[in-house]
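Everything on this sheet refers to the single structure shown next.
The values are calculated or read from the model by the stated rules, or taken from the named source; none is laboratory data. On a predicted model such as this, the values are computed, not experimentally measured, just so you know. For neighbour counting, all protein chains shown are included, and Cβ atoms are generated from backbone atoms with ideal geometry for every residue, glycine included. Just so you know, the surface numbers come from the protein's heavy atoms only, side chains and all, with ligands and any DNA or RNA stripped out. Shrake-Rupley method; radii C 1.70, N 1.55, O 1.52, S 1.80 Å.
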Amino acid sequence: MTRPVRVRFAPSPTGKLHIGGARPALFNWAYARRHGGVFLLRIEDTDPERSTKEYELAILDGLRWLGIHWQEGPDVGGPHAPYHQSQRIERHKQRARELSAMGRAYPCFCSRERLEELAQRQEAAKERQGYDGLCRRLDSQTVAQRVAAGEPHTLRFAVPAGATEFHDHIRGPMRFENHEVEDWVMVRSDGNPTYNFVVVCDDIDMQISLIMRGEEHLINTPKQVLLYHAFGAALPEFAHLPLMLGTDKKKLSKRTGDTSLQDYRDKGFPPEAVVNFLCLQGWALSGSQEIFSVEELVANFEIKDVNKAGAVFDIEKFLWMAGEYIRRDSVERVAERCAPHVVRAGLMSAEDLAGRADWFRSVVSHEKERIRTYGELPARIEYLFVADEKLVYGEDAEKNARRHANRLTTLSAFRAWLELQLAAGGDAAALREGAKQFQTEQKLKTPELLQPLRCALSGHASGPDTFEVILLLGAQRTLRRLELAQERLA
RNA sequence: GGUCCCAUCGUCUAGCCAGGCCUAGGACACUAGGUUUUCAUCCUAGCGACAGGGGUUCAAAUCCCCUUGGGAUCACCA
């Protein structure tokens, strides 16, 4: 019963792409690539109240950012178009009529009030919740009359007796007793079909061979399996992925921090790191390799290796991984990706950046191993852009500088020495060597020279090599800052 | 509460399916050293887990059962 591999990701555009949603997308995509199948995108926009075009676009954009590509979808089309669920409604309605004609669904005239009452009664009696099947017992003549009279009604699926079984690739054999599954609403009183119905219609029509999705759908699956049987359609395979959890161990939500992919993108996480980290939540390449590429993922991804238990989203490890990707990347690319953050922070304009590309790359090369996200760069290098007079001395930096009683004379002497050195040219290494000599001649301990110096130049207690900072700043600003420091540190 | 799912260091995980190679491996975090003018990086070491109880077996983290704990879901939302 092998059929072509066709998998899908079917987000509903009612919000930004959630990181808990990006992972199933990623796994489906990897699975399709691994098996030479098709990965398609279907937009489940059947809730007009909450769906927006903006969200839809943002979701597509987010997926592309991660490097996930689809062969069929709303923007690229495909043999099973349309890929907007809302545009398939006539087909859904037709399928609903088919099921009615087969006697597998029946009209339900129960009012919302009665349903509410029923639920309350069941709750109070601690009975099983769910529809009691009142309208299922109506005789066909009565039903026909009431429908003809235009009485509002929903269409409910008539769940048969017995049990429903299916195999889950992650959880193994599953079995649900049908009497635990209520006669659920298939078509609303306004004529619009519900999720559990349309999702099956579309998955059948689009010949989906495997449905891989979050565990929250596991309990919906028997309803859907029953529908496949009713339609006489081939059952797809199922795989229910473990949930991504917040630190409270509950399903990840806005409550426990940033959950949208966009948030991490804005913060400057490398997309490769996001992909890698998302994979690591529930799947591992091996017991010892944390960092791996998408190619390695695709070459090794097996559903059976996916964990059953939910994974707590650990932002610390995520940040570590982001930093790891940045450190391993080239200066050129890190600079390129940091650029928008620097512009957004108002430090440089795009033109500045273009005009001083070499200088900026040099800045990045010295900060590359200190940042974990591209977004961390601006705050670290702001001192390079502020007016010399407005440089802020950090508390620690100033304390370190003031520790040395000879700071003013040291600064003054060093400034005089440096002025000559800078005029002569030379790289940071040469300056560093020269400064060592200066230090010896002046009988200074290293901190006596470098701590006041660092404070004067950057105002930070830590950062890149001081002599690199001098070159980054340039002669004029360096000397000016040393001058100012002699007043400010007095 | 009903139904369903799950259970290895604080966290992510390897090992489990095909029981012995496990004195349970790796990573993040944390701690202590080393390298560095500082910070970061890098290196070394340490801390730290098979939820509990029964079985099966010569042998169980691995198989079975129970308990406990956690989670998902109970819409005319997707």
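What accessible area, in Å² to the nearest ten, does a 1.4 Å probe give for A:M102?
For A:M102, the solvent-accessible surface is approximately 100 Å².
Taking the Cα centre of chain A as origin, sum charge times position over the Cβ atoms of Lys and Arg (+1) and Asp and Glu (-1), and report the length of that vector in debye to the nearest 20.
So the magnitude is around 400 debye.
Counting other C-beta atoms within 10 Å, and keeping those with at most 13, which DSSP coil chymotrypsin sites (Phe, Trp or Tyr not before Pro) do you find in the stretch A:57-160?
none
If you fit an axis through the alpha-carbon atoms of helix A:428-441 and take the longest principal axis of the Cα set of chain A, what angle between them do you get, 0 to 90°, nearest 10?
In chain A, helix A:428-441 runs at an angle near 40 degrees to the longest axis.
Based on the mean of other Cβ atoms within 10 Å per residue, sort peptides A:331-340, A:132-141 so the most packed one is first.
Sorting A:331-340, A:132-141 by mean packing, highest first, produces A:331-340, A:132-141.
Roll a 1.4 angstrom probe over the protein heavy atoms and tell me the percent of accessible area of chain A that is carbon or sulfur.
Roughly 50 percent, rounded to a whole number.
For chain A, which cysteines have no second Cys with its Cβ under 4.7 Å from theirs?
A:C110, A:C201, A:C279, A:C338, A:C455
Let's see if you can work this out: charge +1 on each Lys and Arg Cβ, -1 on each Asp and Glu Cβ, no other charges. What is the dipole magnitude of the stretch A:6-245 about its Cα centre, in debye to the nearest 20?
For this selection, approximately 380 debye.
Going through the cross-link list A:K16/A:K267; A:K249/A:K308; A:K223/A:K304, which pairs have a Cα-Cα distance over 20 Å in this structure?
A:K223/A:K304
Using only helices, what value at 222 nm comes out for chain A when you add -39,500 (n - 2.57) per DSSP H run of length 4 or more and divide by the total residues, to the nearest 500 deg cm²/dmol?
Computed mean residue ellipticity for chain A: -14500 deg cm²/dmol.
Between A:Q442 and A:A379, what's the calculated FRET efficiency when r is the beta-carbon distance and R0 is 41 Å? Round to 0.05.
0.75
Kindly express, to the nearest 10 degrees and within the range 0 to 90, the angle between helix A:89-101's C-alpha long axis and the longest C-alpha principal axis of chain A.
Approximately 30 degrees, to the nearest 10.
What ranking do A:219-230, A:265-276, A:437-448 get when scored by the average of other Cβ atoms within 10 Å per residue, highest first?
Put in order of decreasing packing, that is A:265-276, A:219-230, A:437-448.
Going by alpha carbons, how many degrees (0 to 90, nearest 10) lie between the helix axis of A:271-280 and the longest principal axis of chain A?
Approximately 60 degrees, to the nearest ten.
Order A:284-290, A:93-99 from most to least packed using the mean count of other Cβ atoms within 10 Å.
A:93-99, A:284-290
Once each part is reduced to its C-alpha centroid, what is the distance from the stretch A:4-23 to the stretch A:171-219 in angstrom?
Using only Cα atoms, the two centres lie 16 Å from each other.
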